[in-house]
Amino acid sequence: MNLSSFTIEKPQVLLFIFAIIPAIFFIFFRFRKVTNALQNSSKSVPVSPLVKSLRFAVTLRTLFLCLAWIFAVLAFSGISFGTKRIPVHKSGNNVTFVFDISYSMLAGDAPQKITRLDAMKIYASSLLEQLNFSSFSAVLAKGDGFVAIPETEDTALMENLIQNLSPSLVTATGTSLGKGIEAAVNAIPTTSSKAQYIWVFTDGDETDNLLEKSIETAARFAIPVSIVGFGSENESEITAGDGKTRVKTALRSNKIKEICEKLNKQTYSKLLFKNSPTVSYIDSRENSSAWKLLNQITTKSSDEEKTLSYELKTVNRHTFFIFWAVFFLILSFVAAEFKVSSLQKIKKLFSATAALSILVFSSCTNEKKQVLEGVWAWYEGKYTSATADFLNTANKARQDPQTQQYAIYDLSATYLSMNELDASLERLNQLNLDNKELPPDLRSAAFYNMGVIYEQRSDYKQAAECFKKSILADSRNLNAKVNLELCERELVQKQVKAAESLMQAVNEEKADKSDMKTELFNLIRKNESKKWRNMSESSSKEESGIDY
């Protein structure tokens, strides 16, 4: 456990520690009044031993109460120190392109005598074509870090930026690869569940030497950094940003390799990156350079085991301080009840408290403690930490099936809170809910969550079955009863709508047939009328001819 990364979430709460000063004055003022009353009321009886014993008890109790108050304040101030490695599930990939667009990239020492900037454009475009089913973002590094394109899957937008890369896009002077990497890390959403990668395209010529520090920051978030070098190690002369000064520049590959070697040897790098380095240097002129970059993503997405990555999280010491606050509060009552008048009794008291503390610490296994930590993190909305705690417990608590079952259920509930329905349903199926030996409350809650998942997918029939099983497992589950009634209403409404649609189709069909019969009848009547009219005209012509 590393004792670095000391942070206080609510430092203003620490001011409440000073409240013990007036409390101490008040306690001893009251004590003085009590002792004076004893001495005045019992002048014939020697009260000095009683006063001494009372003074010792009050002093000891005040000391324990002050310690309890201090630890309670420290607990609610949100003190965190030390780091621990926690597993985090990653789904999908996001690659952040960090482009060095400083004037040194205009040197014409790239292959085929083109500028480093043009070589970078060609190289980045070819990589972009291979990033299937991955999102990407872009950061410009020149004097400072600037997020040009946030996380997106719009390949055309990214390609347009690559083709228009130029030192004139950013007015800042100098080269700061470190600030570019820091901007890439800060642009990643805290709730992102994707595996993150940072690819830096540069010649390694920086002006502020922040590269090493920024890579350390990325590594603590378990983000591997790959630096792709462009140019030649031989010095080339270019014109600086002022348009007058001539400066020499070259590919600083040796400097980058030294940084990579140093960072990959650090302890946290070995913890977080077991199968891959923290930072790697790739020469763009190598034949297999692009394959090395793309292999980082393809292996992670194809290998199921590698979807589990690790992050270093600061350890919140809330439970530690709460324990000691309760511990000293109990001791304050013990000190008030017993009359401790000798050193031997003090030793016995502290021996008993030490034994009590060992008993308290040993009575709770690591797995159960981790489940409690996960539940607390879940209530605080820290779903990543909760997932890590439940996942560790589910993998380790094989000798304690009940703890493992509850850990799996809590893990599925966490996935459900993150709207990861498939992952949540997969964990619920691991519980073998048809086994009636499971605790009734666990079976009921698991079936209820399963019903919620199917309900969100609009599969009301399956959801209703799950809610019924939840009620059968625990008839006191009122939420399952309510949701069952809602699902049955939805099913009835679906049947009514289907019947209405069917009746409407039948009526339309009857109407069509009736219209056809009417038109046919009208046509026949029209033809008959026309026939009789023609016959009448013919007869009248004949008669008129005879008359004439």
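If R0 is 25 Å, what FRET efficiency do you get for THR245 and ASN164 from their C-beta distance, rounded to 0.05?
The calculated FRET efficiency here is 0.45.
Just the number, please: carbon plus sulfur as a percent of the accessible area of the range 185-232, 1.4 Å probe, no ligands or DNA/RNA counted.
Of all accessible area on the range 185-232, carbon and sulfur atoms account for 51 percent.
Once fully extended, how much extra length lies between LYS10 and ILE330, figured as 0.36 nm per residue of separation less the alpha-carbon to alpha-carbon distance? Before the final figure, lay out the partial values.
On the way: separation 320, 0.36 × 320 = 115.20 nm, distance 2.65 nm.
Taking 0.36 nm per residue and subtracting the Cα distance, the gain is 112.5 nm.
Give me the one-decimal nm value for the distance between modelled label points at SER126 and LEU54, 7 Å along each residue's Cα-to-Cβ direction.
Modelled inter-label distance: 9.2 nm.
From largest to smallest, what semi-axes in whole angstrom does the range 132-174 give when each is the square root of 5 times an eigenvalue of its alpha carbon gyration tensor?
Here the semi-axes work out to 22, 11, 6 Å.
With every protein chain kept in place and ligands, DNA and RNA left out, what is the accessible area per residue of the range 101-157? Probe 1.4 Å, answer in Å².
Accessible surface, normalised per residue, equals 46 Å².
If the chain between VAL34 and LYS481 were fully stretched, how many nm would it gain, using 0.36 nm times the residue separation less the Cα-Cα distance?
Working: separation 447, 0.36 × 447 = 160.92 nm, distance 6.13 nm.
Roughly 154.8 nm would be gained on extension.
Using modelled backbone amide H atoms (1.01 Å from N, in-plane), which distant-in-sequence or interchain residues come within less than 5 Å of ALA148's amide H?
Amide H to amide H, under 5 Å and 5 or more residues apart or across chains, ALA148 pairs with ALA138, VAL139, LEU140.
With each label point set 7 Å from Cα along the Cα-Cβ vector, what nm distance links ASN419 and LEU491?
For ASN419 paired with LEU491, the spin-label model returns 2.8 nm.
Would you please give the residues with an amide H less than 5 Å from that of ALA195, counting only those at least 5 places away or on a separate chain, with H modeled from the backbone geometry?
Here the answer is SER91, GLY92, ASN93, ASN94, since their amide H atoms fall under 5 Å of that of ALA195.
Past the 25 Å Cα-Cα mark, which pairs from LYS113/LYS142; LYS142/LYS382; LYS142/LYS257?
Where the Cα-Cα span goes over 25 Å, the pairs concerned are LYS142/LYS382.
The values are calculated or read from the model by the stated rules, or taken from the named source; none is laboratory data. Predicted model, so just to flag it, every value in this text is computed and none were measured. Note that we place each Cβ from the backbone using ideal geometry, even for glycine, and neighbour counts take in every protein chain shown. Please note that ligands, DNA and RNA were not included when accessible areas were found on the heavy atoms of the full protein model with its side chains. Shrake-Rupley method; radii C 1.70, N 1.55, O 1.52, S 1.80 Å.
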